[in-house]
1. Counting only C-alpha contacts under 8 Å and six or more residues apart, can you give the relative contact order of the chain as a whole percent?
2. State to the nearest 20 debye the size of the charge dipole of the chain about its Cα centre, where the only charges are +1 on K and R beta carbons and -1 on D and E beta carbons.
3. Could you work out how far helix 62-78 tilts from the main Cα principal axis of the chain, as a 0 to 90 degree angle to the nearest 10?
4. Work from the charge dipole of the chain (Cβ charges, +1 for Lys and Arg, -1 for Asp and Glu, about the Cα centre) and give the residue of Pro82, His4, Gln101 farthest towards its positive end.
5. Where does the chain land at 222 nm, in deg cm²/dmol rounded to the nearest 500, when only DSSP H runs of n ≥ 4 count, each adding -39500 (n - 2.57), divided by all residues?
6. Springs between alpha-carbon pairs under 10 angstrom, Gaussian network model over the chain: which of Pro40, Pro59, Pro19 fluctuates most?
7. Report the one residue of Pro73, Thr53, Ile30 whose Cα lies farthest in the direction of the positive end of the charge dipole of the chain (charges on C-beta: Lys and Arg +1, Asp and Glu -1; origin at the Cα centre).
8. Number of Lys-Lys pairs in the chain under 15 Å by Cα, sequence gap 8 or more or different chains?
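Where a number appears in this text, it was derived from the coordinates with a stated rule and is not lab data. What you see is a predicted model; the values in this text were computed from it and never measured. Glycine also receives a Cβ, built like all others from the backbone with ideal geometry; neighbour counts cover every protein chain displayed.
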Amino acid sequence: MSEHSENCIFCKIIAGQIPAKKVHEDDEIIAFHDINPAAPLHLLIVPKTHIETLADVRPADEAVLGKMMAIAPRLAFENGAPPMPEGGLRVIMNVGPSGGQEVYHIHLHVLAGDKPWRGFA
Ligand code: 5GP
Ligand code: ZN
C-alpha cells in the first residue's frame, strides 16, 4: 500500500488537486464537508495516508484512527452540531462493498443535526 493513490478522490483533496470545504487539517488528518450531505451537518475525517479500508489497517495506523475518532466531537460542535447534553452527533465508518463503502480511502462520517441517522442509508 502506498502513501498516496493516483486515482483516489480523497488523495486528490489532500493534495489540493480538487477543492473541498475544509474544516480541519494537520500533519496526519484532514476534515471537510461531504459533497452530498446526508444530515444537516455531514463531515468526513480522513487520514492523509491512503488506507483502503478499515480491514487494511496496520498497527502503525492505530494512532491516527484514534485521533480521527477523538477529534470528531470537537469538529462537529465547532461546525454546528447541537451541543450536549441534549444534542450530539453520530460517527460511522463504512467498510467494503456490503458495508456501503464507495470511496476506498478510509474516512469517518460525522453526522449531526435533526435525527441524522434517518438520512443515512
Ligand atoms: P462511503 O460510502 O465511501 O462511506 O462515503 C463516501 C462519501 O464521500 C459519500 O458520502 C460521498 O458523498 C462523499 N464524496 C464522494 N466524493 C466526494 C468529493 O469529491 N468531495 C467530497 N467533499 N465528498 C465526496
Ligand atoms: Zn487515497
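1. On the way: 195 pairs, mean separation 36.7, N = 121.
So the answer I get is 30 percent.
2. On the way: 10 positive and 15 negative charges, 75 e Å.
Value, rounded to 20: 360 debye.
3. The helix 62-78 is inclined about 30 degrees to the chain.
4. In the chain, that residue is Pro82.
5. About -6000 deg cm²/dmol.
6. Pro59
7. Pro73
8. Working: Lys12/Lys21; Lys12/Lys22; Lys12/Lys48; Lys22/Lys48; Lys48/Lys67.
Pairs that pass both the separation and distance tests number 5.
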